[in-house]
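Report on the structure given below.
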Amino acid sequence: MADEMIFHVKPSFAASARVNASRFGVMTNHAMQNPDPYWLEQARRLDWFRFPELAGNGSFDGDVRTSWFSDGTLNASVNCLDRHLAENGGRTALIWQGEVEDAVRHVTFRALHEEVCRLANVLKGLGVERGDRVATYLPMVVEGVVAMLACARIGAVHVVMFAGFSASGVAGRLRDCGAKLLITADEGRRGGKRIPLKTITDQALLELDGASGGSPLHTVLVVSVTGADVPMQAGRDHDYAALVAAANPNCEPEIMQAEDPLMILYTSGSTGAPKGVLHTTGGYLLWASLTQEIVFDHRAGDVFWCTADLGWVTGHSYVVYGPLTNGGTTFLFEGTPSWPEPGRWWRLIDKHQVNCFYTAPTAIRALMREAPASLSDTSRASLRVLGSVGEPINAEAWLWYSQAVGGGRCPVVDTWWQTETGGIMIAPLPGAVAQKPGSATLPLPGICPVLVNDKGIPQHGESEGHLCIDRPWPGQARTIWGDHARFVQTYFSTYPGLYFSGDGARRDADGYYWITGRVDDVINVSGHRIGSAEVEAAFGTHDKVAESAVVGIPHDVKGQALAAFVVLKTGGEDADAGLEAELARHVGQELGRYAAPDLVILASELPKTRSGKIMRRILRKIATGEHDQLGDVSTLADPSVVQALVERMKR
Ligand code: 6R9
């Protein structure tokens, strides 16, 4: 039984750990009993222009207006860069490894500071002001980090977009956040191929202009990544490198209120278009910094490799803000895990002497399939801590990660959190908490998970339910950009007074949490959150589609895959050969390849309740072939629809 398997903290690890079991107990009690003094003590880890006297304010009731450290002032870029200059300016802040083996850059804190200041001055010169939104659409290059910190320096709000998004995806996000300026690249590299980012950008901007009749976006900076010759629109597009080289290398940081916005990050929910989750400066930065240090047992100078793309929250908190505030060396890899060969990641760990490695179960499972051959000729001896994030990790993958990759020496921290939580919420502190494979274990000090049953009643002791959080914490999202009502509705209306995560979980007799996955219509494919509504909307833009329903089905490597039931306007199931593949491609073009369904099933009708609600539970069973376990179909308007679909699947 996975439940019974337990990996105790090694005394040798605990002896020098940042947080050992007794300290963990003290922190947890202090945070529960005296929250304000506890959080103000934690706030001392940051550099403030004015240290706050106020800790948390507000609750999860009513209008949910929460604030943290609201009388304090600081700047996030100062905390990532300037604070290290006097003593460690020559230390490597960032190692960039290109897809090409010999393409490597070591950037010191001093050099990163200078480049950030130059870009900050460029942005100011182009009319970007405090509070303005600046978007990026970049591959994994140094400029992606520089752009985030340059925004923070001048008080602009960064909106980082994943380079896998389509033109429509980019246009939608730019429209929603009202960005004035966009930073992109000529092309990105991915697994030996090129992604034409500037071309996609041009399409996105055409769409944006067409739709809104003029958007505030007036400037595009283009980073030359591959050196491709790309069309530049006079007056709008500028060469990034030329402007940065000519700019002043000194830029005074803006003095920001703790509650000034730092970033907007789009994420998928169960309904509607992706929402712009807004994080503010002080609380978010504190949470990224504190969690990175205590969960990964981080030391200044450690080489920290979080494999997430900068376009996801994990990239924000654990490629940029966590490691850099803590004086770590963050490692940025341009390439994909198994290109040009499956052992690439393990060789890079040896080459760059990585101390902490943080990735997603989907990657672990994919790499496990290539082992043991891919691990040979690598020692991974520099590793001290291994981390997992993004989806539940199965015990088999956990054990392989711990034993084969970590050689049994490294604690594995399975970290549960979300875009909305800003940073890690439930995870074993490696010097304090014994690990059980597959469990995210215990909440961090100050975090109060609650499991709520169907009727909204909080459960105690061993139990299962919907995972909610009681009590505000500094790193939580403050609102959804431009739609506070949606924020309150999405997270705080299901169980009044509690933040509802959208996940289900079980708590065992030791109080350990086991995340069971989403309980809403969000599907987690390879650790990427995809809303079924978004994919259905994308199908809807195809001229042959009348209606669709998208569900998640189990997948060995990706965790979940998308299965789509599509009803054609002609109503017929026997459409042209290859239409299923064409429909999947269409969704890929609309949203980005990561969201293209694995399975498209043409249907003449969808199973619906009498009130017209699609019964996804039944579709999930049909897609996975569990035809004999469809459960109660009596509430369906027309139960024969189900039989027709089952027949269809058998063909
Ligand atoms: C950080 C991140 C959040 C969703 C979350 C949950 C799933 C994340 C997990 C996990 C089980 C873990 N999730 N970590 N499930 N165990 N350790 O991934 O943010 O992209 O917003 O996704 O990911 O379902 O609700 P985000």
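Brief remarks follow.
- Test for S270: is it within 26 Å of I530 (Cα to Cα), crowded, with 24+ Cβ neighbours inside 10 Å and within 13 Å of the ligand (Cβ to nearest atom): no
- Total residues in the range 263-284 satisfying the condition of being part of a strand (DSSP E or B) and of a type in the set (S, T, Y): the figure is 3.
- For V354, the stated conditions do not hold, so it cannot be described as of a type outside the set (K, R), modelled with pLDDT of 95 or more and within 16 Å of the ligand (Cβ to nearest atom).
- When R384, R344 are screened for being touching a Gly at 6+ places or on another chain (Cβ under 8 Å) and of a type in the set (K, R), only R344 passes.
- Test result for W473, closer than 23 Å to I294 by Cα, surrounded by 20 or more Cβ atoms within 10 Å (Cβ to Cβ), modelled with pLDDT of 95 or more and touching a Cys at 6+ places or on another chain (Cβ under 9 Å): yes
- Restricting the range 480-523 to residues that are polar (S, T, N, Q) and away from the ligand (no atom under 15 Å from the Cβ), the residue that is surrounded by the most Cβ atoms within 10 Å (Cβ to Cβ): Q489
- The numbered conditions (1) buried (at least 16 other Cβ atoms within 10 Å of the Cβ); (2) more than 10 Å from the ligand (Cβ to nearest atom) are all true for A440 except (2).
- In summary, strands (runs of 3 or more DSSP E) completely within the range 192-262 and bearing 2 or more residues that are in contact (Cβ under 8 Å) with a residue 40 or more places away in the chain and touching a His at 6+ places or on another chain (Cβ under 9 Å) occur at 219-223.
- Qualifying residue in the range 326-348 (condition: more than 16 Å from the ligand (Cβ to nearest atom), within 25 Å of V277 (Cα to Cα) and of a type in the set (A, V, I, L, M, F, W, C)): yes
- Check on I523, in contact with a Lys or Arg (Cβ under 6 Å, 6 or more places away or on another chain) and among the aliphatic types (A, V, I, L, M): no
- Residue check, G456 more than 21 Å from the chain's Cα centre (by Cα), without any contact (Cβ under 8 Å) to a residue 40 or more places away in the chain and on the phi > 0 side of the Ramachandran plot: yes
- Some residue of the range 613-634 being hydroxyl-bearing (S, T, Y), over 29 Å from R369 (Cβ atoms) and in contact (Cβ under 8 Å) with a residue 40 or more places away in the chain: no
- Note on the range 357-411: residues that are polar (S, T, N, Q) and within 16 Å of the ligand (Cβ to nearest atom) amount to 5.
- Residue under evaluation D63, criteria (1) within 24 Å of H298 (Cβ to Cβ); (2) over 25 Å from the mean Cα position of the chain (by Cα), criterion not met: (1)
- Pairing each residue of the range 341-362 that is of a type in the set (G, A, S) with any residue that is more than 16 Å from the ligand (Cβ to nearest atom) and not in a loop (DSSP other than H, G, I, E, B), provided the two are 6+ apart or on different chains, yields C-beta distances under 6 Å for G343/S374.
- Flag for Q476 being within 15 Å of the ligand (Cβ to nearest atom) and in contact with a Pro (Cβ under 7 Å, 6 or more places away or on another chain): no
- Given (1) surrounded by fewer than 12 Cβ atoms within 10 Å (Cβ to Cβ); (2) among the hydrophobic types (A, V, I, L, M, F, W, C); (3) closer than 12 Å to G446 by Cβ, number of the condition A15 does not satisfy: (3)
- Residue within the range 601-611 that is surrounded by fewer than 16 Cβ atoms within 10 Å (Cβ to Cβ), under 23 Å from V633 (Cβ atoms) and touching a helix residue (DSSP H, G or I) at 6+ places or on another chain (Cβ under 8 Å) present: yes
- All strands (runs of 3 or more DSSP E) inside the range 524-576 with 1 or more residues being of a type in the set (D, E), modelled with pLDDT under 95 and surrounded by fewer than 20 Cβ atoms within 10 Å (Cβ to Cβ): 545-555
- Tabulated pairs, the range 88-101, first hydroxyl-bearing (S, T, Y), second surrounded by 19 or more Cβ atoms within 10 Å (Cβ to Cβ), C-beta under 7 angstrom, 6+ apart or interchain: T92/V107; T92/T329
- The single condition among (1) surrounded by fewer than 23 Cβ atoms within 10 Å (Cβ to Cβ); (2) assigned to a loop (DSSP other than H, G, I, E, B); (3) in contact (Cβ under 8 Å) with a residue 24 or more places away in the chain that L451 does not meet is (2).
- In the set (1) within 14 Å of the ligand (Cβ to nearest atom); (2) under 22 Å from V452 (Cα atoms); (3) touching a strand residue (DSSP E or B) at 6+ places or on another chain (Cβ under 7 Å), the condition left unmet by R529 is number (2).
- Among the candidates E4, E53, residue that is at pLDDT below 95, surrounded by fewer than 17 Cβ atoms within 10 Å (Cβ to Cβ) and not basic (K, R): E4
- Residues satisfying the stated conditions in the range 51-64, i.e. of a type in the set (D, E, K, R) and touching a residue at least 40 places away in the same chain (Cβ under 8 Å): D61, D63
- The range 523-535 residues that are without any contact (Cβ under 8 Å) to a residue 40 or more places away in the chain, paired with ones that are of a type in the set (S, T, Y) and crowded, with 21+ Cβ neighbours inside 10 Å (beta carbon under 7 Å, 6 or more apart): I523/S532
- Meets criteria (crowded, with 24+ Cβ neighbours inside 10 Å, away from the ligand (no atom under 12 Å from the Cβ) and not hydroxyl-bearing (S, T, Y)) for P430: yes
- Cross-chain or 6+ apart pairs with Cβ under 7 Å, the range 155-182 first and on the phi > 0 side of the Ramachandran plot, then among the hydrophobic types (A, V, I, L, M, F, W, C): G155/M256
- Which listed residue, of D297, D309, is within 13 Å of the ligand (Cβ to nearest atom) and not in a helix (DSSP H, G or I): D309
The values are calculated or read from the model by the stated rules, or taken from the named source; none is laboratory data. Here the structure is a predicted model, which means the values were calculated and not measured. Counting neighbours? That spans all protein chains shown, and the Cβs are built from the backbone with ideal geometry, glycine included.
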